[in-house]
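Written below as structure tokens is the structure these notes are about.
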Amino acid sequence: MSALVSVDWLVLAPALAPAAGVVLVLAGDALAGGRAGRWALPLAAVTLVVGAGLALRGTVAGADAPLRTLCLPAPDGACLWTAGPRTSTLQAAVLLAAAAGLALLHDGRPRPRDGAVTATLLLAATTGGVAVAAARDLGTWLVALELATVPAVALVALRGSRPAVHGALSLLVTSLASFALLVLGAALWLTATGDAAFSRPSAAAAWAVPEQRAVLLLAVTVLVAGLGFKLSLVPFHAWTPQAYATTDLGTALFLATASKLSAVAALLVVAGALVDLGGATTPVVLVLGLPAVASLLLGTVVALRQDDPVRLLAWSTIAQAGWVLVPLTALSDAGARAAAAYVLAYAAASAVAFAVLSRTGARTLEATRGLLRREPLAGGALLIALLVLAGLPPGVIGLVTKILALSAPVTAGVWPVALAGVLAVVLGIAVYLRWVAVLLGAGTTPTALEEPGTGRRRSSVVVLVLGGVVLVVTSALPHVLLASAS
Amino acid sequence: MTPWLVVGLPALAAVLGVAVRRDDRLAGAVAVGAAAVTLLLAGIAWGLAGRPTTVSPGPRLRAGELLVPLDLLSDPTRAALATVVVLVALAVQVYSTWYLATDDRYGQFAATVSLFTSAMLLVVHSGDLLLTVVGWEVMGWCSYLLVGHWSRRPSARRAALKAFLVTRVADIGFVLGVVGLAAGAGTTSLAAVLAAWDRPDACVDAALADGSTVGAALTACEAPDARVRALLLVLLVIGVLGKSAQVPFQDWLADAMEGPTPASALIHAATMVAAGTVVLASVYPVFADSPTARWFLGLAVSVTMLLGALLAFAQSDLKRMLAWSTVSQVAVMLAGVAAAPAEAGPDAGLFHLWAHALFKSLLFLAVGWAALAAGGTLAVALRGAAGAAPVLRVAFAAGFLSLAGVPLVVGGQSKEHVLATVWDGAVAVDGPGLLVLVALVLTSAVTAAYSTRGYLVLTVHTRQRPSAGRVPVAVTVVLWLLVGLSVLGGLVVVTGAFRLAPISLLWLLLTTLVVGVGVAVALRGGLDRDPADVLARRLVPVADRGLGADALYRRLVARPVLRLARVVAFVDTEVVDAYVRGSAVATRATGWAGERLHRGERPSAGVGLVLGAVVVLGGLGVVLWS
């Protein structure tokens, strides 16, 4: 290794673990021939959980003394990898969400024949998602973000069915467009600031000069648009319901949680550089606020009319992406923390909801009628997940993160966004309570459960139990999550 | 001796009593035993009470900006009041073991009486407004339970609900007043509240002597805002008027006769209705500063005492007569607070509370016995019912003598003290003294008249010997004890528990004169006829309905409230809900439109369009902005 760059392997471990998993799975596949499908997914899941454990090491580090590596010696010792507590938590969440996706893929029927390929793609995408959270320079950020996206397209396409290919095609076009925008945005950022990293001083210096300010604003606009595709912000959201509905539940879970977590992590890197811009930040607030408000309202309103639970979750993802953007419009550190806390709570609740769908095999809301009485474990987990998404007690963590998300723009005086948020809370309660009412209703004949092979989906049960425990514990002790997001 | 023990023991007995309520013997033993031990403790506490002491339970609680010390106070006056409360409670508990022996819910009754006693003792000993409110509210709840004890009877349920609603409505004022007083002082401690709202007399006088104007002196001495103080005290007085069944809340007490007689004895004699006097006496230093509050209270009690006495005279039901007499007598106690000159203090009123507790409990317990023997509480049914037992004759004689205010017995003594105090207040011309004095003299005459009527009907009129079956010795002993105290209880003045000025012989003569007039008027029809029939035949049906206060409440309060509720409900369902329903429809329509827009299978073209639009609009916007 070159002496120019210092490397701390342990700090890099969260990203190296899935990468090592890729090597292990491919090597095993080459050695074992076609029988790799059985153990590839569990092996990949193990490497992901190990990676998550290693990532959690960073959450105990102080916020002022983050784990850093890949540091250049001179002149100012900039580091390409900086992982504070928040970054480490997001990394761990990405890894665990990917593991949950693997668990659902493992339960999928028919089980994926090419398990090694699926595992490889998922691990590669996870590697990118973990790396982007810690990236602080344009190059690493772009490459990691693309690494997080492209394998996901292949994952959707792997289903092989005709609608899945449509979904994958739509996703591929979207990804390409988004990559184009991101590269353009990065180039504009470099032009405006003259700095190849996302750093506060250089952004503030550029903002002070009117000519540079225009270019920087264009860079931010284009970057937000590019990330908007990945986050499924309105108007870059059209691929989301289609891709979720045509692919299998494991992949959908991965797209809804791990992908979103890495996209938010990438957005937080950009937003972190925009905190101390100085005066006249209205255009930046506008660039962040418009898609936020549009996503909140459109996502919630359309989710209200969905009868397919996967499509409902897809539209709810769009609305929740708007929620993540709401605190960022405050352009403050508190806002960044609120966004991270929000996306963590959302990812846990979303993972639980997908796991319950995988456990019960329900493809319509009606199929979950009376689930709470038929299957208290799955029904209870889904209930708490929906309440967290709606922000109603006893899903306290959903309520707390929503209040935090709203308090940031209120403090900053960005009232229109806060008002849209309040409206979305009311509409969102209608969206999720509609499903809750079905859950609590008197049970009908359990048609979904009588399908062959639905009785033994142990991996999904593990995901929904662990996810449910996370939601209950953080609802009882919200400061645990909030501290790790700070 | 800590007052917490005196307050806590009956509360503990209430909890225990609920636990053993299925077993009548055990429940009775717990209730009577606890009351007896509490009486012993209260007596010892009274004996030991010297200087006023404050007992804090521990570290002071801080609730927001309020300091809540939860102190209890102990001084001779409070100890004497606590003793008489426990004494009446013990008498009631002993009496109910016999009176409610066949009742299937005796256990609950005994436990409720214990809790009621505990709440009243808390109010008596309270050195903290928060504790006062707690005791006050617990009493309201207990009175609801006791009045509605025979809940299988619709009339009992109605009476309980009426008592609860009327006192609750008045309690709004009480709670607001307490909250305001506590907020102004920044603490709920009684002493601190008094200090904060009292007029800094010495400071003001010094400033006036130095030649500054009144306004400047008040400002310099940081005197509390007199208008705010008057408002808060009036609110407090409204609560007191409600609990004490004074005008305009007077009507619930007569209906509360639906409860068992021991419960009436407790509510009327020692707890609940008398609690208002205790509370006002405890805030007396501030109350005396506010002429507005004094006038408000004085006006209400003047009307009440005369009205109550007149209605008592004309009742066809003797138990209700006693109820109205309570209304009137509580007004007399409050008169001692409202019209007393500032330097005299409220002790005359408190002394009347002490006296009233003794003779009113005696009368109620005796009437309950007589009613059991005669089979009803109507005056017609009760004629000569005192013949059931020798103790009843003596009890009625002593009780009605005291009620009439004949000199030397306890009721007479206390009434003379109230009269003398009110006279001093009237002479001082600060406050409603004159008005109260006139009402008080008239009331004394009417009281003597209806006392004579009660005695005549119950004792002098004869009939065949009625019988209430076998009455336990304990009940007889309790009645004899109360008879003794009703006659000799006035000796309490020598203990110095109440700070009373000596009374001149003139008052003795005056009271005798007034009582004599009342008795003479009542005896106009001779000894054999009911004076109510002779003097107020036309008034009786009206008085039985409480002057139609029920209809008045309905017309003035219930109907407008219901009408307002109907309007609000209409606005809610037809106007407000229309917007809600409309927004729901609009939301669903938007959702439908959004769904339509996203029905296409291939958004690739759309992505291209959006992409181009972002770049063009973004570029355009930036160029125009910069």
Item to check | Residue match in segment A:21-28 (condition: farther than 19 Å from A:Leu96 by Cβ, in the same structural domain as A:Ala125 (by TED's automatic domain parsing) and in contact with a Phe, Trp or Tyr (Cβ under 8 Å, 6 or more places away or on another chain)) | outcome: yes
Next on the checklist: Checking A:Gly380 against (1) crowded, with 21+ Cβ neighbours inside 10 Å; (2) small (Gly, Ala, Ser); (3) modelled with pLDDT of 90 or more: exactly one of these is not met. Which one?
Outcome noted: (1)
Checklist outcome for this item: Looking across segment A:211-262 at residues that are touching a residue at least 60 places away in the same chain (Cβ under 8 Å) and assigned to a loop (DSSP other than H, G, I, E, B), the single one that is farthest from the other protein chains (Cβ to nearest Cβ) is A:Asp248
Checklist entry - Which number in (1) in contact with a Ser or Thr (Cβ under 7 Å, 6 or more places away or on another chain); (2) over 21 Å from B:Leu129 (Cβ atoms); (3) open to solvent by 10 Å² or more (accessible area, probe 1.4 Å) marks the one condition that B:Leu90 misses? => result (1)
Next on the checklist: Here is a check on your reading of the model: is B:Gly496 closer than 30 Å to B:Trp295 by Cα, in the same structural domain as B:Leu297 (by TED's automatic domain parsing) and at pLDDT below 85?
Outcome noted: yes
Item to check | Residues that are of a type in the set (Val, Ile, Thr) and not in a helix (DSSP H, G or I), drawn from segment A:341-397 | outcome: A:Thr364
Checklist entry - How many of the residues making up segment B:36-88 are in a helix (DSSP H, G or I) and of a type outside the set (Ser, Thr, Tyr)? => result 23
Checklist entry - Within segment A:154-171, is even one residue open to solvent by 40 Å² or more (accessible area, probe 1.4 Å) and touching a strand residue (DSSP E or B) at 6+ places or on another chain (Cβ under 6 Å)? => result no
Checklist entry - Which helices (runs of 4 or more DSSP H) does segment B:173-274 wholly contain that include 3 or more residues that are open to solvent by less than 10 Å² (accessible area, probe 1.4 Å)? => result B:226-243, B:251-255, B:261-269
Checklist entry - Got a sec? Which helices (runs of 4 or more DSSP H) wholly within segment B:515-626 have at least 2 residues that are at the interface with chain A (Cβ under 9 Å from one of its Cβ atoms) and either out of contact with any Pro (no Cβ under 6 Å at 6 or more places or on another chain) or modelled with pLDDT of 80 or more (or both)? => result B:577-597, B:604-625
Next on the checklist: Quick check on A:Phe179: is it touching a residue at least 40 places away in the same chain (Cβ under 8 Å) and open to solvent by 10 Å² or more (accessible area, probe 1.4 Å)?
Outcome noted: yes
Checklist entry - Looking at B:Val68, is it in contact (Cβ under 8 Å) with a residue 60 or more places away in the chain, among the aliphatic types (A, V, I, L, M), under 19 Å from B:Thr271 (Cβ atoms) and touching a helix residue (DSSP H, G or I) at 6+ places or on another chain (Cβ under 9 Å)? => result no
Checklist entry - Within segment A:376-419, restricting attention to residues that are more than 20 Å from the chain's Cα centre (by Cα) and hydroxyl-bearing (Ser, Thr, Tyr), which residue is farthest from A:Gly467 (Cα to Cα)? => result A:Thr411
Next on the checklist: Which condition from (1) part of a helix (DSSP H, G or I); (2) more than 27 Å from B:Ala293 (Cα to Cα) is the one that B:Pro407 breaks?
Outcome noted: (1)
Checklist entry - Just one of B:Val418, B:Val367, B:Val429, B:Val394 is in the same structural domain as B:Gly525 (by TED's automatic domain parsing) and modelled with pLDDT under 90; which is it? => result B:Val429
Checklist outcome for this item: Filtering segment A:190-205 for residues that are buried (at least 23 other Cβ atoms within 10 Å of the Cβ) and within 14 Å of chain B (Cβ to nearest Cβ) leaves a count of 1
Checklist outcome for this item: Output for Cβ contacts, cut-off 9 Å, separation at least six or different chains, first residue under 11 Å from B:Leu419 (Cα atoms) in segment B:434-447, second crowded, with 21+ Cβ neighbours inside 10 Å and among the basic types (Lys, Arg), reads B:Leu440/B:Lys415; B:Ser444/B:Lys415
Next on the checklist: Checking B:Val214 against (1) farther than 29 Å from B:Pro154 by Cα; (2) at pLDDT 85 or above; (3) in contact with a Leu (Cβ under 9 Å, 6 or more places away or on another chain): exactly one of these is not met. Which one?
Outcome noted: (2)
Checklist entry - Can A:Ala187 be described as open to solvent by less than 10 Å² (accessible area, probe 1.4 Å) and within 14 Å of chain B (Cβ to nearest Cβ)? => result no
Item to check | Counted residues, segment A:362-377 - those being touching a residue at least 12 places away in the same chain (Cβ under 8 Å) and open to solvent by 20 Å² or more (accessible area, probe 1.4 Å) | outcome: 10
Checklist entry - Of the residues that sit in segment A:271-292 and are assigned to a helix (DSSP H, G or I) and open to solvent by 40 Å² or more (accessible area, probe 1.4 Å), which one is nearest to A:Leu357 (Cα to Cα)? => result A:Leu290
Checklist entry - For segment B:151-172, what are the residues that are touching a Gly at 6+ places or on another chain (Cβ under 9 Å), open to solvent by less than 70 Å² (accessible area, probe 1.4 Å) and not acidic (Asp, Glu)? => result B:Ala156, B:Ala159, B:Ala160, B:Ala163, B:Phe164, B:Val166, B:Thr167, B:Ala170
Item to check | Lone qualifier among B:Gly484, B:Gly425, B:Gly454, B:Gly490 - being of a type in the set (Gly, Ala, Ser), assigned to a helix (DSSP H, G or I) and farther than 30 Å from B:Ala371 by Cβ | outcome: B:Gly425
Next on the checklist: Is it the case, given these coordinates, that A:Leu169 is within 23 Å of the chain's Cα centre (by Cα), over 16 Å from A:Leu274 (Cβ atoms) and within 12 Å of chain B (Cβ to nearest Cβ)?
Outcome noted: yes
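The values are calculated or read from the model by the stated rules, or taken from the named source; none is laboratory data. Small disclaimer: the values here were computed from a predicted structure and weren't measured. Virtual Cβ from ideal backbone geometry, glycine too; neighbours counted across all protein chains shown. Only protein heavy atoms, including side chains, enter the accessible area calculation; ligands, DNA and RNA are left aside. Shrake-Rupley method; radii C 1.70, N 1.55, O 1.52, S 1.80 Å.
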